[in-house]
Amino acid sequence: MPKRTSAIERPPAPLVLVFDSGLGGLTVFREIVKARPDASYVYVADDAFFPYGQRAEAELVERLLTLTGELIAAHHPDLFVIACNTASTIALPQLRARYALAFVGTVPAIKPACSGSRTMLVSVLGTRATVKREYTQALIRDYAQGCAVTLVGSARLADLAERALRYETIDDDLVRAEIAPCFQETGARRTDTIVLACTHYPLLIERLRRLAPWPVAWVDPAPAIARRVIDLIGPPSPDARMPTSPARAIFTSGHPAPPALATGLAAFGLAPDVQG
Ligand code: DGL
């Protein structure tokens, strides 16, 4: 006898894999979850290779191509979000060419920042690697719209953000020194807009606002990335069911998450899973 279904079958919720070198991608993850709370998620932190900002380009591309293939084979995501500027600006075209899957990348939000600047002085704060990339230079050539764009490569902020999420004490002077070059003055004009071109930095946003020598607009790309995700997987259906257990956060090092980190992850609706 044919099997009878009493209710209309709902399509399965899509599986979205959100990937970063560490915990910065959580700032993108939380925006995507707000837009599609019913979807299934896997968060992957490549902590075994962190920080990406200090890796040579060739080794990083090789790592990303290999690891992405392994993650696709292990989890079969419907969508792969590279929640990392340092990875996206070097490997996104190659990942798209190699794997038949939809990828959403994260690249410096230079266009909206320059559109919104009134003083026409904009800074881009990213890892040293991201600010050097040709991808970033091309965004400035194409979208600066007459703004003077100052590139500021930070060696330490991503690591400080990781520590903040583990509830470690962060020295304000270290943060102040990293952001100081973003604040430019030319005659009567001062920088009014700073692009957060590393997904780790919004984890420090309250501190960044407090330590800024004057108020500026900090541009976080996460809401725009969440909108792009919805363009690709659609909005939740009106009768969507919400997941009953927290999504998994996988750490490539396999190190167990210390209790402070587990608490930090729980604030983002994630539970650590070291099995990979
Ligand atoms: N979260 C990464 C980004 O957006 C960078 C951190 C790292 O250096 O690994 O660029």
**Study point:** Residues satisfying the stated conditions in the stretch 131-153, i.e. out of contact with any helix residue (DSSP H, G or I) (no Cβ under 9 Å at 6 or more places or on another chain) and small (Gly, Ala, Ser)
**Key:** 138, 148
**Study point:** Filter result (at negative phi and more than 16 Å from the ligand (Cβ to nearest atom)) within the stretch 183-207
**Key:** 183, 184, 185, 186, 188, 189, 190, 191, 192, 193, 206, 207
**Study point:** Among (1) within 16 Å of the ligand (Cβ to nearest atom); (2) open to solvent by less than 10 Å² (accessible area, probe 1.4 Å), the one test that residue 132 misses
**Key:** (2)
Practice item. Please enumerate the residues belonging to the stretch 174-215 that are open to solvent by 20 Å² or more (accessible area, probe 1.4 Å), in contact with a helix residue (DSSP H, G or I) (Cβ under 9 Å, 6 or more places away or on another chain) and either part of a helix (DSSP H, G or I) or closer than 18 Å to residue 116 by Cα (or both). Key: 174, 176, 178, 192, 203, 205, 207, 210, 215
Check your understanding: Limited to the stretch 137-166, what total is found for residues that are in contact with a Ser or Thr (Cβ under 7 Å, 6 or more places away or on another chain) and assigned to a loop (DSSP other than H, G, I, E, B)?
Key -> 2
Practice item. Would you confirm whether any residue within the stretch 216-235 is outside any helix (DSSP H, G or I), open to solvent by 40 Å² or more (accessible area, probe 1.4 Å) and free of Cβ contacts under 8 Å to residues at least 60 places away in the same chain? Key: no
Practice item. Examine the stretch 117-128 for a residue that is in a helix (DSSP H, G or I), within 13 Å of the ligand (Cβ to nearest atom) and touching a Leu at 6+ places or on another chain (Cβ under 9 Å), and state whether such a residue exists. Key: no
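The values are calculated or read from the model by the stated rules, or taken from the named source; none is laboratory data. Note that the structure is a prediction, hence the values are computed from the model and not measured. Here the Cβ is made from the backbone with ideal geometry for all residues, glycine too, and neighbour counts use every protein chain on show. Quick note on the areas: whole protein, heavy atoms, side chains included, nothing else; ligands and nucleic acids left out. Shrake-Rupley method; radii C 1.70, N 1.55, O 1.52, S 1.80 Å.
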